[in-house]
Amino acid sequence: MNIKSYVAWDASVRWFHWINLLCIIGLMAIGIVILNSSALGVSDNGKILLKTVHVLIGYVFAFNLLWRLIWAFIGSDRARWRAILPGGKGYLNEIKDYTAAFKAGQPRQYIGHNPLGRIAVVLLLFLMFTQAVTGLVLAGTDIFYPPFGSWIANWIAKPGVDPATLLPYARDTYDAAAYEAMRAFRAPFIEIHEIGFYALLCLIVIHIAAVVVTEIREGGTLITAMFTGKKMLSEIPKDLKETPKVKKEAD
C-alpha cells in the first residue's frame, strides 16, 4: 500500500480549532453552573464572578471565531469558503457516491472535508456565530460589558444615577420601567443562547463520533492532521485538484 502525505490544514486553522475547543469547554462548564446557580445556592457576587469569567472566555471565543471567518476569505485553499461550504456542481452526486462507498466499506478519501463533513462544519460555524452574537448581547444586559454594556446602562439607569457606575444586581440604581423593558428585550436572546448551547453540545458529540468513525473506517490520520497539518492517505484523494507534492512514502 502506497501512503502519501498531503498538506491539509494550515497553522491558522489548527490554532483556531484547539483554541476554540478550550473556549467551548470552559464556556459550557461555567454556563452549566450559571444555569443552575439558584439550585446550587450561588450568591449574587458568585454569579457576577461566574458571568465575568464566562464573558472573558467568550471574548476569546468570539475573536477566535471572527478570525476563522476572515481566514476563510484569505487563507490557504483548504481553509477557504469554497472548500467548506456545501453545494456546487455535482455536490449531491458526491454525497451519494461518498455514502455508498462508505457503506460498502470502501470509503473515499479527502484532503479537506468530505461532503458530509462540510455540512457539519457549516452548522458548527453557524451555531458558534449565533452563540457569540447572543452572548455579547447578554454580556451587556447582565454585567454591562462591551460592546453593548454602555448602551444598556444608559437605558436602565435611574434618573440622576451615572450609568457608568451601575453594577449588576444593584436594582435600586435602575429605573424600574426601563429595567423591565430591558428584560423583555433580552428574553429572546437568552432563549436563543440556551437553545444554541444544547444544539451545539449535541452537534459536538456527533462531530466527535463522526471523526472517530471516519478515522477508523477511512484512515487518513484525520485526528493527527489537526496537530501536524498533514494527512497520510492511501489513495488519491477525491478533492485533489493539482499534482500532489509527496512528502513521504511508505509501502
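Bear in mind that the values in this text are calculations on the coordinates, not laboratory data. Because the structure is a prediction, the values reported are computed rather than measured. Heads up, the Cβs are rebuilt from the backbone with ideal geometry, glycines too, and the neighbour counts pull from every protein chain shown.
Computed over the Cα atoms of the stretch 23-156, the ratio of the radius of gyration to the Kirkwood radius (Rg/Rh) comes to 1.14. Fully extending the segment from residue 167 to residue 43 would add 43.1 nm, taking 0.36 nm per residue of separation and subtracting the current Cα-Cα distance.
Between the C-alpha center of the stretch 127-202 and that of the stretch 56-100 there is a gap of 31 Å. Among the listed pairs 4/241; 51/158; 4/103; 103/241; 4/238; 96/238, a Cα-Cα separation exceeding 21 Å is found for 51/158; 4/103; 103/241.
Each pair of Cα atoms in the chain enters the Kirkwood radius, and Stokes-Einstein at 37 °C and 0.692 mPa s then converts it into a translational diffusion coefficient of 158 µm²/s.
Using every pair of distinct Cα positions in the stretch 13-75, the Kirkwood expression returns a hydrodynamic radius of 12.8 angstrom. Note on residue 175 and residue 207: the model spin-label points, each 7 Å out from Cα along the C-beta direction, lie 4.2 nm apart. Kirkwood hydrodynamic radius of the stretch 57-112, from the reciprocal of the average inverse Cα-Cα distance over all distinct pairs: 13.5 Å. Volume of the convex hull of the stretch 150-208 (Cα atoms only), normalised per residue: 98 Å³. Using just its DSSP H runs of length 4 or more, each adding -39500 (n - 2.57), the chain gives a mean residue ellipticity at 222 nm of -22000 deg cm²/dmol after division by all residues.
Net length available on complete extension from residue 25 to residue 104 is 24.8 nm, with 0.36 nm assigned per residue and the Cα-Cα distance removed.
Screening the chain for whole DSSP H helices with an alpha carbon extent of at least 20 angstrom along the helix axis and a mean Kyte-Doolittle hydropathy of at least -1.0 yields 11-35, 44-74, 115-143, 176-218.
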